[in-house]
Each structure stands twice: as C-alpha cells, then as structure tokens.
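Report on the structure given below.
The values are calculated or read from the model by the stated rules, or taken from the named source; none is laboratory data. Keep in mind it's a predicted model, so treat the numbers as computed, not measured. Cβ: placed from backbone, ideal geometry, glycine included. Neighbour counts: every protein chain shown.
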Amino acid sequence: MSSVIETKDLNLWYGKHHALMDINMAVPKNQITALIGPSGCGKSTFLRTLNRMNDQIEGVRIEGEISLRGENIKNLDANVLRSRVGMVFQKANPFPMSIYDNIAYGPRILGVHKKKELDEIVETSLKQAAIWDECKDRLKTSALGMSGGQQQRLCIARALAVKPEVLLLDESTSALDPVSTSKIEDLLLELKKKYTIIMVTHNMQQAARIADRTAFFLLGELIEYDNTEKIFSHPADKRTEDYITGRFG
C-alpha cells in the first residue's frame, strides 16, 4: 500500500509545551484516515503540520520529518504545498465574494486567467463537491448567502479547485446538522476515489462509518493507528479501548 504522506519522529513544541511526541505515521493513498482523541490531544496540531500551517504561529518548533510522496515538505514552497495538500476548517469560511470567485480564487493565484478554463474548473469542482445543482443558477451571488452545509461543501469545492493530492478536514462537520453531515460523509466516500483524505473528528461514529484507518491521539502521543474496524473492535491498547467505550474523553 503506497503512502502519500509520512511522518518520521515528528515532534512539535508551542514554546515549552511539547504538543506532539515522536509521531510516526504513514497515510495510504485513496483512503480516509480519521484522527480521534480527546480535546487538546494534538489531532488538529498534527493535521496542521501536514501543510505547514503551524509555521505561521509564533514560538512553534518542529523536529522530525514530514514527506509528501517521498519529498520533505520543508523543501517545498508553502503555496505549492498548500495547493497539493488542501485544508477545510471546522467553521465554513467562504470568502466574502461570489460563489464563482470563491472557487476561481486558487486557480487565479496559480496563474489560470482564461474565462473558459476557469468556467470549467468552477463547474467541475462544484460537481465534485456535490453542490453544482444547488448553485449553478446563482454563481454570481455572494457565497455568504448559502446555508452552513452548502458553505462547507463550497469550501471543499474551493480546496478541490487547485487539484490537490491530499484533503485535510479539521472537524469539518461538527457545526452542521445531521442531514448536512450525512451529505458531506457521502461526498468524502466519493472523493477518496481521487484524493487521499485525512480528517480530525470528535464523532467516533463518523470515524467508524467512513474511515478506512483510524489514529488515536492522547496527550500529544499517537497511541494506536490501524484499520478502523480493528481499532473499534479489538484495540491493542487499553487507553484506546477506554476512550472508545467512553471511560474518558
């Protein structure tokens, strides 16, 4: 099984706080990998190291190696890295511009300016995010007028517009109602045919439903990482079992 992203002895400090400790993890291609664990255990911090978003935080020190298809991400231009490793946040954050311009924003930055090309990218991305039919007649209206669930799918479409290899999702359904959550889960199962997906989720049922592999984090350590079914039915570590069965968290 070929891995797309791999971390070796990854450590991260916020000032003196050691937030990630010796994380070794290989993320396989075209699978959904879920990161679970209690609040403050390092899941989102780990996710943000994968496209160097922690670089922007003062006092952060990172040791170890993160590679994307065998290449150390330190050697990649940050904008290039973030076009290859897209991110969707917990709260939908559409830009205050039209639906069309939200999707065209990334491609324009990367030098695509022909209207025909942009039209195709916008349509393809919105179709991939299963939202084209809902917004094809109002592409010139503000994205801020969309519902929360639509905004989140728009943000996924915006990430897809630059043709990433990996999609990172940081609790991207936690603010949504069950119907919107279900739509995004169905969407992710479809998207994994083309993309590698890594998602932080507090919702263990969600991890059990859609993730191929699950990683359990606790106090900055990666406690266990295996096939989702095995993690939930026969965890190797007592702490994983205690978390999954609700003894803490």
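All conditions but one from (1) within 30 Å of Thr45 (Cβ to Cβ); (2) of a type outside the set (D, E, K, R); (3) in a helix (DSSP H, G or I) apply to Pro96; the one that does not is (3). A residue that is out of contact with any His (no Cβ under 7 Å at 6 or more places or on another chain), hydrophobic (A, V, I, L, M, F, W, C) and within 17 Å of Met25 (Cα to Cα) occurs nowhere in region 237-245. Looking only at region 143-183, residues that are outside any strand (DSSP E or B) and either touching a residue at least 40 places away in the same chain (Cβ under 8 Å) or buried (at least 23 other Cβ atoms within 10 Å of the Cβ) (or both) come to 25 in all. Among the residues of region 99-130, those that are modelled with pLDDT of 95 or more, under 30 Å from Ser44 (Cα atoms) and either in contact with a strand residue (DSSP E or B) (Cβ under 6 Å, 6 or more places away or on another chain) or among the hydrophobic types (A, V, I, L, M, F, W, C) (or both) comprise Ile99, Ile103, Ala104, Ile121, Val122, Leu126. Would region 113-136 turn up any residue that is crowded, with 23+ Cβ neighbours inside 10 Å and under 20 Å from Ala26 (Cα atoms)? No, there is no match, as no residue in region 113-136 is crowded, with 23+ Cβ neighbours inside 10 Å and under 20 Å from Ala26 (Cα atoms). For Ala104, the conditions (1) in contact (Cβ under 8 Å) with a residue 24 or more places away in the chain; (2) of a type outside the set (Phe, Trp, Tyr); (3) in a loop (DSSP other than H, G, I, E, B) all hold with the exception of (3). Taking first residues from region 15-28 that are outside any strand (DSSP E or B) and partners that are at pLDDT below 95 and surrounded by fewer than 20 Cβ atoms within 10 Å (Cβ to Cβ), the Cβ contacts under 6 Å between residues at least 6 apart in sequence or on separate chains come to Gly15/Gly59. All conditions in (1) surrounded by fewer than 20 Cβ atoms within 10 Å (Cβ to Cβ); (2) within 30 Å of Glu190 (Cα to Cα) hold for Arg48, with the sole exception of (1).
Within the bounds of region 207-220, is there any residue that is of a type outside the set (Ser, Thr, Tyr), within 15 Å of the chain's Cα centre (by Cα) and exposed (fewer than 15 other Cβ atoms within 10 Å of the Cβ)? No, because not a single residue in region 207-220 is of a type outside the set (Ser, Thr, Tyr), within 15 Å of the chain's Cα centre (by Cα) and exposed (fewer than 15 other Cβ atoms within 10 Å of the Cβ). Residues in region 172-182: is at least one modelled with pLDDT under 95 and closer than 21 Å to Ser83 by Cα? Within region 172-182, one or more residues are modelled with pLDDT under 95 and closer than 21 Å to Ser83 by Cα. In region 75-98, which residues are surrounded by 13 or more Cβ atoms within 10 Å (Cβ to Cβ) and in contact with a strand residue (DSSP E or B) (Cβ under 8 Å, 6 or more places away or on another chain)? Residues satisfying the conditions are Leu76, Leu81, Arg84, Val85, Gly86, Met87, Val88, Phe89, Gln90, Met97, Ser98. Report yes if some residue within region 53-63 is closer than 18 Å to Met25 by Cβ, more than 17 Å from the chain's Cα centre (by Cα) and not in a loop (DSSP other than H, G, I, E, B); otherwise report no. Yes, that holds for at least one residue.
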